[in-house]
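A.B. asks: What follows is a single structure, and I will ask about it in a moment.
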Amino acid sequence: MRLYRVGLFTDVYFPNPNGVTTSVYLLLRELRRMGHEAWVIAPAHPEAPENEEGVVRVPSVAYPFYEGQQIALPSARHLPTELELVHTHTPLTLGVWGLRLARNKDLPHVSTFHTHYEKYAHYVPGLAFLDRYTGIVPRLAKAFYNRVEVVIAPTEPVRRLAEGYGIERPIRVIPTGIDNRLLEEAPLPSPSPWPEGKRRLITVGRLGKEKSFDVVLRAVARIAEEEDVFLVHIGEGPELPHLEALAWELGLAERVRFLGPVPYRRIGGYYRMAELFLFASETETQGLVVWEAQAMGVPVVAVGAEGVLEGVLDGKTGYLVPPKDHLALAARALELLKDEEKRRRFSLQARAFALERSAEAIAERIVAVYDEASEILRTEPRRLIFPFPRLPRSSLEDRPGGF
């Protein structure tokens, strides 16, 4: 096995907990365990942990429209070593820097297509409106990913999405790994966030509009009509005030706790205490938290959309329901809460299903992609790269005198 000096370029990383962060963290750890010299290249963050092994923080400034997000200001002096391969995880500032490094130094470039970018356009003022009329987001994504040797997609739906963008490079489907051992070894939370005697529901994720946690709250209000339930949410985000107000409006003030962020090394304890995981996001490319919950034996009731379609065995490890249908979400949750034998059977099946995605096995598959990318760069004629797309000129600009 060839060993690589590889840079993992990402615009999102700890202390921001999300699927991309977890994916990059686990890959870094496993690559280093295998003997590769792997480095995460990420924006500096005022709350970043100290003495991070294998992490280089690039100077950055705060992004005013996305709480907790930093915009990196990269330069070559921040590179930790002479890299042999570039693996980008975001097509943003650091992703573009990684692309330029790979191009200028003739390095193999692998990129993971992590998310459905149009559904996050509202975090850039005016971009969602602009994309509606120009299709600029998929055009930019196409321009970025067609410049790499190999694209990694975490699920088949994401592969189809990437192909729909017009991405013509080889696309390999490799899911994000699950750190079963770390989840199992996490201590149980003390005191418990669930009141004594309540049925224990959990949901995890960033509180953004695209995650549809309002659907989960409406489902819990319906469930509470028949079962004495309590929901714990782990995560943070800009929708927290709105969701707290909605919980109060629905009469859930005493049945919901927004716990805030929990360190990844501790989140397994919360999963293991829960009886049921609820999830309503329609934008997940893989639904990593769904896999984590099942790995800890927690059945899932979730919206059947995007990557979650591959993340739950409907009728065996949980249930999938139509998007935005809080009544269907509640009905399936009640079915499991009222039938303990079925819930326990689903729990065992969920654990067995999720354990197939160990972080070690996934890292080995990614290294095989690194080998493929290196061979493609060696044998393929250098491609003619066209400039990134520009917006069409306004007809007003063509008039004499302008505006």
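A.B. asks: Please work out if Leu188 is at negative phi and at pLDDT below 95. Lay out the reasoning, then the answer.
C.D. replies: Working: at negative phi: yes; at pLDDT below 95: no.
So Leu188 fails the test.
A.B. asks: I would also like to ask the following. Just give me the residues in region 305-322 being surrounded by fewer than 24 Cβ atoms within 10 Å (Cβ to Cβ), part of a loop (DSSP other than H, G, I, E, B) and more than 16 Å from the chain's Cα centre (by Cα), in sequence order.
C.D. replies: If the condition is that a residue be surrounded by fewer than 24 Cβ atoms within 10 Å (Cβ to Cβ), part of a loop (DSSP other than H, G, I, E, B) and more than 16 Å from the chain's Cα centre (by Cα), then Leu313, Gly315, Lys316, Pro322 are the ones that fit.
A.B. asks: Going by the structure shown, is Gly205 modelled with pLDDT under 95 and assigned by TED's automatic domain parsing to the domain that holds Glu275? Steps first, please.
C.D. replies: Working: modelled with pLDDT under 95: yes; assigned by TED's automatic domain parsing to the domain that holds Glu275: yes.
Yes, satisfied.
A.B. asks: Since Pro187 meets every condition but one in (1) under 20 Å from Glu340 (Cβ atoms); (2) in contact with a Gly (Cβ under 8 Å, 6 or more places away or on another chain); (3) of a type outside the set (Val, Ile, Thr), which condition does it not meet?
C.D. replies: Against the list (1) under 20 Å from Glu340 (Cβ atoms); (2) in contact with a Gly (Cβ under 8 Å, 6 or more places away or on another chain); (3) of a type outside the set (Val, Ile, Thr), Pro187 comes up short only on (1).
A.B. asks: Same structure again: Of all the residues that make up region 346-399, how many are assigned to a loop (DSSP other than H, G, I, E, B) and at pLDDT below 60?
C.D. replies: Count: 8.
A.B. asks: If you take the residues of region 1-49 that are aliphatic (A, V, I, L, M) and assigned to a helix (DSSP H, G or I), which of them is nearest to Ser374 (Cα to Cα)?
C.D. replies: Per the stated criteria, the residue is Leu31.
A.B. asks: Note down all Cβ pairs under 6 Å where the first residue falls in region 141-154 and is closer than 17 Å to Asn104 by Cα and among the aliphatic types (A, V, I, L, M), the second is modelled with pLDDT of 95 or more and part of a loop (DSSP other than H, G, I, E, B), and they're at least six residues apart or on different chains.
C.D. replies: Hits for this filter: Val148/Arg169.
A.B. asks: Under 9 Å by Cβ, and 6 or more places apart or on different chains, what pairs join a residue from region 226-241 that is within 19 Å of Val298 (Cβ to Cβ) with one that is at pLDDT below 95 and basic (Lys, Arg)?
C.D. replies: Gly235/Arg206; Gly235/Lys211
A.B. asks: Would you kindly identify the strands (runs of 3 or more DSSP E) lying entirely within region 245-304 that contain at least 1 residues that are surrounded by fewer than 17 Cβ atoms within 10 Å (Cβ to Cβ)?
C.D. replies: Fully inside region 245-304 and qualifying: 256-260.
A.B. asks: When you check Asp325 against the structure, is it over 25 Å from the mean Cα position of the chain (by Cα) and either surrounded by fewer than 21 Cβ atoms within 10 Å (Cβ to Cβ) or closer than 16 Å to Lys211 by Cβ (or both), yes or no?
C.D. replies: No: the conditions fail for Asp325.
A.B. asks: If you don't mind, there's one more thing I want to ask. Within the set of pairs 6 or more residues apart or between chains, which connect a residue that is over 25 Å from Ser358 (Cα atoms) inside region 25-50 to a residue that is modelled with pLDDT of 95 or more and assigned to a helix (DSSP H, G or I) with Cβ atoms less than 8 Å apart?
C.D. replies: Filtered contacts from region 25-50: Pro43/Leu94.
A.B. asks: Which one is nearest to Leu140 (Cα to Cα), of the residues in region 75-106 that are among the small types (Gly, Ala, Ser) and touching a residue at least 40 places away in the same chain (Cβ under 8 Å)?
C.D. replies: By that ranking, first place goes to Gly95.
A.B. asks: Please list, ordered by first then second residue, the pairs with beta carbon atoms under 7 Å, 6 or more apart or interchain, first in region 355-379 and closer than 29 Å to Met296 by Cα, second in a helix (DSSP H, G or I) and polar (S, T, N, Q).
C.D. replies: Once the first residue is closer than 29 Å to Met296 by Cα and sits in region 355-379, its partners that are in a helix (DSSP H, G or I) and polar (S, T, N, Q) give Leu355/Asn180; Ser358/Asn180.
A.B. asks: Restricting attention to region 45-59, report how many residues are of a type in the set (Gly, Ala, Ser) and either at pLDDT 95 or above or not assigned by TED's automatic domain parsing to the domain that holds Pro91 (or both). Steps first, answer last, please.
C.D. replies: Just the residues of region 45-59 that are of a type in the set (Gly, Ala, Ser), to begin with: 48, 54.
Those left that are additionally either at pLDDT 95 or above or not assigned by TED's automatic domain parsing to the domain that holds Pro91 (or both): 54.
Residues that pass the stated criteria total 1.
A.B. asks: Another question about this same structure. If I go through region 163-198 residue by residue, how many of them are of a type in the set (Gly, Ala, Ser) and out of contact with any helix residue (DSSP H, G or I) (no Cβ under 7 Å at 6 or more places or on another chain)?
C.D. replies: Counting residues in region 163-198 that are of a type in the set (Gly, Ala, Ser) and out of contact with any helix residue (DSSP H, G or I) (no Cβ under 7 Å at 6 or more places or on another chain) gives 3.
A.B. asks: Does region 58-74 contain any residue that is out of contact with any helix residue (DSSP H, G or I) (no Cβ under 7 Å at 6 or more places or on another chain), buried (at least 22 other Cβ atoms within 10 Å of the Cβ) and either of a type outside the set (S, T, N, Q) or outside any helix (DSSP H, G or I) (or both)?
C.D. replies: In the first step, residues of region 58-74 are kept if they are out of contact with any helix residue (DSSP H, G or I) (no Cβ under 7 Å at 6 or more places or on another chain); the result is 59-64, 67-70, 73.
Still in the running and buried (at least 22 other Cβ atoms within 10 Å of the Cβ): 70.
In the following step, the residues that additionally are either of a type outside the set (S, T, N, Q) or outside any helix (DSSP H, G or I) (or both) were identified as 70.
Yes - at least one qualifying residue is present in region 58-74.
The values are calculated or read from the model by the stated rules, or taken from the named source; none is laboratory data. None of these values were measured; they are calculated from a predicted model. Cβ: placed from backbone, ideal geometry, glycine included. Neighbour counts: every protein chain shown.
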